[in-house]
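Student: Submitted below is the structure of interest, expressed as structure tokens.
What follows draws every value from the coordinates through simple rules; no lab data is involved. Computed from a prediction, not measured in an experiment: that's the story for all the values here. Ideal geometry is used to build each Cβ from the backbone, glycine not excepted, and the neighbour counts take in all protein chains shown.
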Amino acid sequence: MPKISVIVSCYNEEKAIPLFYEEIEKNIKDFENTEFEYIFVDDGSNDNTLNVIKNLKSKDNKVKYVSFSKNFGKEAAIYAGLEHSTGDYVTLMDADLQDPPYLLKDMYNTIINEGYDAVGTRRVTRKGEPIIRSFCARIFYKFINKISKIEMVDGARDYVLMTRQVVNAILSLKEYNRYTKGLFSFVGFKVKWLEFENVQRVAGETKWSFWKLVKYALEGITAFSTTPLIFSSFLGIFFCLAAFLMILVIIVRTICFGDPTSGWPSLVCIIFLVSGIQLFSLGIIGQYLSKTYLEVKRRPIYIVKEENMD
Ligand code: UDP
Ligand code: MG
């Protein structure tokens, strides 16, 4: 009998989890001859999340959980879930029902009947989201697809169903800075995308502030593109050429017209501009260096405080 693992990353989701559980239970009734396991990953919640999960576990044997020693972030939770999963097929879902469980049946059929290795989902609308957030997200996807070799699908969710083979491929990428959407594109395989309309979270509130999203976007860029480094090199070359031209102009002008000492304001402007650009380029290099620094430390991606996988 094929087994499907449902991985749910949870950070302070005490209100959402019971609703999620109720909904997923309704939806798996459509599956015949299929076994399920739910792996709840408690990402260091400081509300009652773990107790809510334990409560479910006492009633339902399908429920398993891993609880972190502190908040390690959603990417770490996904990684832990994948490592602990035992299913032939694995899916990743948010606890807030923004990844509609009703799609699961379609996703499963697509893999079984159409020979895909994975099925991803993308929201075609961003209804209910702040306008500025949607706008920045759109710009981000345009930008990262220009500068990166792998393709990031606009509106793609982490909600995917994949075969064991794809899961193992993702697990073989051991990097510390994990940008799951990128890793998923990186491993390749035959992927079909299903579309759905954005839905609001059922309970609780979003854990992603605007600033957190900006940092997450930067993470995606440094993890999957080195174009910014090339850009800063070109910027350097461009300014060297410009300086060279200016030197020529000044030499010729001094020979032809003498050297009246003036131009202090323009000099200050140039110093400001050039040092700004130097700092900017240093910043870009610093981003990559800091990621490399974290990578070479080989710190664990997550630390488990408590788990029950029986
Ligand atoms: N999440 C997590 N660790 C975190 C932040 C979020 O495991 O540090 C989980 C969260 O519980 C939810 C999912 O990731 O199940 C998506 O988070 P959220 O709904 O807050 O993000 P949004 O949908 O607003 O982008
Ligand atoms: Mg959400």
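Student: Using only the C-alpha atoms of segment 203-257, find the volume of their convex hull and express it per residue in Å³.
Tutor: Here the figure is 86 Å³ per residue.
Student: For a distance above 24 Å, tell me the whole-number percent of Cα pairs in segment 47-200 that qualify. Let's see the in-between values first.
Tutor: Details: 4576 of 11781 pairs.
Result for the distance tail: 39 percent.
Student: Dividing the Cα convex hull volume of segment 253-304 by residue count, how many Å³ per residue is that?
Tutor: Values: hull volume 5.2 nm³, N = 52.
Cα convex hull per residue, to the nearest whole number: 100 Å³.
Student: Next up: Once phi is turned into ³J(HN,Hα) by the Karplus curve 6.51 cos²θ - 1.76 cosθ + 1.60 with θ = phi - 60°, what whole-Hz value does each residue of segment 150-162 show in order, with x for glycine and proline?
Tutor: 8, 9, 9, 7, 4, x, 5, 9, 6, 6, 9, 10, 9
Student: So, in Å, what gap is there between the alpha-carbon centers of segment 209-259 and segment 180-194?
Tutor: 34
Student: To the nearest 10 degrees, how steep is helix 210-224 against the longest Cα principal axis of the chain, on a 0 to 90 scale?
Tutor: 80
Student: Under 14 Å Cα to Cα from Lys59, which aspartates and glutamates show up? Leave out anything in the same chain fewer than 8 places away.
Tutor: Glu22, Glu25, Glu37, Asp310
Student: Would you list, by chain and number, the aspartates and glutamates whose Cα falls below 17 Å from the Cα of Lys149, excluding same-chain residues fewer than 8 positions away?
Tutor: Glu219
Student: Can you bin every Cα-Cα distance in segment 30-83 into 5 Å intervals starting at zero and give me the percent of pairs per bin, rounded to whole numbers?
Tutor: Calculated P(r), rounded to whole percents: 4, 19, 26, 21, 16, 8, 4, 1.
Student: Also, quick follow-up: Order these peptides, 18-28, 244-254, by their mean beta-carbon neighbour count within 10 angstrom, highest first.
Tutor: Averaged packing, sorted descending, gives the order 18-28, 244-254.
Student: Follow-up. When the helix-only estimate is applied to the chain (DSSP H runs of n ≥ 4, each -39,500 (n - 2.57), divided by the residue count), what is the mean residue ellipticity at 222 nm, nearest 500 deg cm²/dmol?
Tutor: Computed mean residue ellipticity for the chain: -17000 deg cm²/dmol.
Student: Here's a follow-up. Taking the Cα centre of the chain as origin and charging only Cβ (+1 Lys, Arg; -1 Asp, Glu), how large is the dipole, in debye to the nearest 20?
Tutor: 900
Student: Strictly greater than 21 Å: what percent of every Cα pair in segment 223-310 meets that?
Tutor: 58
Student: Here is a further query. I'd like the distance between the alpha-carbon centres of segment 77-125 and segment 271-300, rounded to an integer number of Å.
Tutor: One Cα centre to the other: 36 Å.
Student: Further question on the same structure: Could you grab the Rg to Rh ratio for the chain? Cα atoms only, Kirkwood for Rh.
Tutor: Taking Rg over the Kirkwood Rh, I get 1.13.
Student: Given the pairs Lys70/Lys174; Lys105/Lys207; Lys57/Lys190; Lys29/Lys54, which span a C-alpha to C-alpha distance of over 30 angstrom in this model?
Tutor: Violating the 30 Å Cα-Cα cut-off are Lys57/Lys190.
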